[in-house]
Structure formats: C-alpha cells, structure tokens
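Since the structure comes first, as structure tokens, the remarks are kept for the end.
The values are calculated or read from the model by the stated rules, or taken from the named source; none is laboratory data. The model shown is predicted, which means the values in this text are computed figures rather than measured ones. When we count neighbours, we look across all protein chains shown, and the Cβ atoms used for this are built from the backbone with ideal geometry, even at glycine. For accessibility, only protein heavy atoms count, side chains too; no ligands or nucleic acids. Shrake-Rupley method; radii C 1.70, N 1.55, O 1.52, S 1.80 Å.
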Amino acid sequence: MAVVLPQVVANISRQGAITTSPELAAALAQLVAFMYRFDQAKLYESGIQNDFSGYRRVMNKCSGVALPLDESAASVVSMFVAQPGPFAHRLGVAFQALGADSRLVLAELCNACCGTIDRSKGKEPAQKMDGFGSSVDFCRHVMVGCIILYDRGSKSGAFGSRDIAVVKCCTAAKKRGGADTASLCNALKYSTATFSTSPDRVQEILED
C-alpha cells in the first residue's frame, strides 16, 4: 500500500488531473477508502498489538508448530499495528517525500467526493458498491481519507490549505455524514496531525 498508492497518485499527477484517467482515479479512490476503513477498524481494536504479541509467545512455546511469520517479519507487523492509524501514518511519511503536485491529486479527489455528497443531499441512492455500502458512503470515506493523507503528507497540513475546500468538506461530514457522522468527524479531529491548529471555523463545525 505504501508503494502502490503513491505510485497511482504520481501517475495521475503526470497526466494532469483525475478526469484524464478515470480508471486510475477509481483505483486511487478504492485504495483511500480501504485505508480509511482499515484504520478506523484498528482504532476500535486498540488491543490488537497485545493480542499479536500474546499469539507470538504462545506459538513459540508450541513445539513442532511453525509460525507463519519469521521473527523479523513479526516484528515489522507488531510495529505497524502499534500506530493508532497504521496506514495513515505510513502513507503520510510516503507522501512527505512526494512533491506538491501529488497532494493536488488528493485534493482534487477530495473535492470531487465532497461535491457528490452535497449533490446527494444526504440521501442514499439505490446503487451499492461492494464492500463499501452505498456510493455516498464510499465518497464520505474517500473524502475524509484524502484529507487525512494530505494533512499527514504536508508540513502545513490540510486545514489551512487552499487546495482543499476544507470548510465545505467538514460541513459535508458533519451534516451529511449519515450513520457515520460521528466517526467521520472524529477521524478529521483525531486521525489528522494539525487539527489542533486548524481555523476556528473548522473546529466549530466539527464540535460535538
């Protein structure tokens, strides 16, 4: 993921815009949505690192039973799941090494999803997307995921950026988040790195 997603973004960036490569844009959206959903699930399973460590201890005591991971690989997994948002953390590091044009791709995708959410007026269409619920659910997850990645991949963060329609996106998460409203707002507040220094207007929108 830390290799593939930045590569997809870089390829889109070279072509100029997400509209010039709809297949790559769709692939990027799927990856961002997966990142968001995985990291949110991890937040609700905060003891998974201890569970994994316990599993390693027990299995190491079982004679004749081979672990599916060697000790080196198991250590990498343990360090990965130690992060509250494993993918956001790792991908944020990857995006810091990329240029501003790559972040513009995230911003463009984020704004496009926000527009779709606004046009839906919070109503769920009949169309479903495998693994993501409704297409509006999908757009919500992609929108927030893009903000998280942009924020972690930029020294100045997402909330002061002119690339992302931050107020509009936060309003969409708050007022048109459906059943996911609380988790979307919490992700914007706690999975980003710069929310504490975001403009007062943004903080007011996302208040409980």
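Would you be able to say whether some residue in region 88-105 is at pLDDT 90 or above, more than 23 Å from R162 (Cβ to Cβ) and of a type in the set (G, A, S)?
Within region 88-105, none of the residues are at pLDDT 90 or above, more than 23 Å from R162 (Cβ to Cβ) and of a type in the set (G, A, S).
Looking at region 20-38, can you tell me whether even one residue there is assigned to a helix (DSSP H, G or I), at pLDDT 90 or above and in contact with a Leu (Cβ under 6 Å, 6 or more places away or on another chain)?
Yes, region 20-38 contains a residue that is assigned to a helix (DSSP H, G or I), at pLDDT 90 or above and in contact with a Leu (Cβ under 6 Å, 6 or more places away or on another chain).
Return yes or no: is E23 farther than 30 Å from E108 by Cβ and out of contact with any Phe, Trp or Tyr (no Cβ under 8 Å at 6 or more places or on another chain)?
no
Does A66 satisfy being open to solvent by 20 Å² or more (accessible area, probe 1.4 Å), at pLDDT 80 or above, out of contact with any helix residue (DSSP H, G or I) (no Cβ under 6 Å at 6 or more places or on another chain) and not polar (S, T, N, Q)?
So A66 does not fit the description; no.
Looking at region 115-122, is at least one residue open to solvent by 10 Å² or more (accessible area, probe 1.4 Å), modelled with pLDDT under 85, within 22 Å of P22 (Cα to Cα) and assigned to a helix (DSSP H, G or I)?
Yes, region 115-122 has at least one match.
Output the residues belonging to region 15-40 that are charged (D, E, K, R) and farther than 30 Å from N186 by Cβ.
Listed by number, the list holds a single entry, E23.
Taking L109 and the conditions (1) over 17 Å from the mean Cα position of the chain (by Cα); (2) modelled with pLDDT of 90 or more; (3) crowded, with 16+ Cβ neighbours inside 10 Å, which numbered condition does it fall short on, given that it satisfies the others?
Condition not satisfied by L109: (1).
Taking interchain pairs and intrachain pairs at least six residues apart, which have beta carbon atoms under 7 angstrom, with the first residue in region 192-204 and among the basic types (K, R) and the second in a helix (DSSP H, G or I) and surrounded by 11 or more Cβ atoms within 10 Å (Cβ to Cβ)?
R201/V167
State whether the residues of region 125-135 include one that is part of a helix (DSSP H, G or I) and modelled with pLDDT of 90 or more.
No.
Report, by residue number, each residue of region 177-204 that is β-branched (V, I, T), in a helix (DSSP H, G or I) and either in contact with an Asp or Glu (Cβ under 9 Å, 6 or more places away or on another chain) or closer than 16 Å to D151 by Cβ (or both).
Across region 177-204, the qualifying residues are T197, V202.
Out of region 150-170, which residues are buried (at least 18 other Cβ atoms within 10 Å of the Cβ), of a type in the set (V, I, T) and in a helix (DSSP H, G or I)?
Of everything in region 150-170, just one residue is buried (at least 18 other Cβ atoms within 10 Å of the Cβ), of a type in the set (V, I, T) and in a helix (DSSP H, G or I), namely V166.
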